[in-house]
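Structure first, commentary second.
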Amino acid sequence: MIGKVTRGWNVYGLIRYLMGPGSTEQSAHTDQHVFATWDGRPEAHQPEQLGPDRFDIGALVAALRAPAALAGVPKRRPREDGWPGTVSRVPKGPVWQCSLRNHPDDPLLTDEQWAEVVADVLHRTGIAEHDDPGGCRWVAIRHAPDHVHIAAVLVRQDTGELVHPHRNYDFRRVKEACNAAEDRYGLTSTGAADRTATPRPTRAENEKASRLHAAGQRRTDVAVRNKLRRQVSSAAAAARNWDEFVEYLQLANATVRVRQGHHGRILGYSVTDASDPACRTASGDPLYFAGGKLGPDLTYSKLMSRWKSVETTVPASVQGIVDEVVLPARERMRHRGPLNKTEFGQEALQGIAHATGDMLLALVVVADADRVPLLIDAWETFARAGRVPEQILPRRWAVVSRDLRTAANQLIRAGVRNPARQRVTPDQFIALLTAVAALVAEIAAWHEAHQRHVAARHARATCGVLHQIAARQPDRVKTLAFTPSVTATSKPRGELTKRPSVGAFSSHQSASATSRRAH
């Protein structure tokens, strides 16, 4: 179950949309009705239907806004220069909206079951706790079989005070309620909010990319955020310090803007692609994306943490990398514990998992053009499995993980600086691909053993894509097991039914589209 929180000012516009026909044919609303309210009387607040997809919502909106009206809260967003006080911007609006959506393969929940989920969300966020009649007023509306919406006005009924759920990290509390509902009703598990997910393109970014592609101004309709993420990730894997990182981004036609503090200290950075019309605003100004908005492991501090570890010496040949780097890393993952009292334990395995993402990028560089889309698909799918929950990167890098990172760095540097040169022979590519696939399978089993089901599913899906590539040349595939040495003891409730769309690397671009809606 996925929950999304938005804030606004116009409660009338929100209710009108939720009870209306919908914006497109794909998101058409059906059987719009109120199924839960703050006072436990949804039937009393059900708007009267005036015609097809037309409802009289005036009484419902007035009842929702009554405490806010008594407290003098404006109905609409005020102008920034007209807001009283010394604030530099308009505060968040009092209208809180949360959409809750199930996986397409999940069983349909009844209105009573959804009402229990909604009550848990409101209790955890502090908007309307259990047995608190003075909490905020809210309604829950259902206009589709697989998702519902919560609309609340953040003003207490008893005191008229504003409620600030964002101070309680409402998006995390919503995620906790979604996980509890998954356990209660046996729904597809989406994992905890461990801050390792890749930021997705906004709806506006996707529509802009598609519009420019249809007009012939771009070669692809992939969102610019995804394009920049691949450029920055490949530059981070190829570089060994900040100067090289900027150099590799410039080779990819990306422009870096640095944010500095006192005495010239770098605090962060953002990137744009001046040659891409999707990276420009309507007035023609460049549109920059901060590293953290591209990926949680692409912030300036995370990049410096990655580069500060000492590089090791690895074989120069591809076969040497397979035999002396990738296969030992696989055996280390198979062991899943410290080899001696001075060896790192789980941190070594965490480092191997993250460095495997760099090795998947190295596969993209050494592969021929027809394999690039599937390999990009594998890299994007694996991203969640390569990050440490909450902290993103391991605190220390063991020798085995540094060897893997150095080998990937070596392959990527050679490929980026010599793009026209033949990378490797087919036999060498298949040997490297097969070894990496076996390593990914061990990473999946390691995640499963620690009950990280979402990361395990992403790793297994990655292994499936690598299987698909290797199957194209079965006569070249070596007899190296793709399956882990230890079978997972527990099976997650849901499987990945749709991997991230095939992406792009350098000049190879392909379609990718997602949709996000905000009121």
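The numbers here are math on the coordinates, done by the rules we state, and not lab data. Bear in mind the structure is a predicted one, so any value in this text is a computation, not a measurement. Note that we place each Cβ from the backbone using ideal geometry, even for glycine, and neighbour counts take in every protein chain shown.
The rule of thumb for compact globular proteins, 2.2 N^0.38 Å, goes into the C-alpha radius of gyration of region 278-322 1.93 times. Using the Cα coordinates of region 366-455, the gyration tensor eigenvalues translate into equivalent-ellipsoid semi-axes of 26, 16, 13 Å, sorted from longest to shortest. Here is the P(r) of region 2-185: all C-alpha pair distances, binned every 10 Å from 0, give 9, 37, 37, 15, 2, 0 in whole percents. Summing +1 for each Lys or Arg and -1 for each Asp or Glu among the other residues whose beta-carbon sits under 11 angstrom from that of residue 270 gives +3. Sorting the segments 124-135, 8-19, 260-271, 376-387 by their mean number of nearby beta carbons within 10 angstrom, highest to lowest, gives 376-387, 8-19, 124-135, 260-271. Among the listed pairs 175/227; 4/293; 92/302; 4/308, which are separated by more than 25 Å between their Cα atoms? Too far apart for the 25 Å limit: 175/227; 92/302; 4/308. In this entry, region 203-305 is assigned a mean projected area of 7.1 nm², taken as a quarter of its C-alpha convex hull surface.
Distance between the C-alpha centres of region 242-317 and region 383-417: 17 Å, rounded to the whole angstrom.
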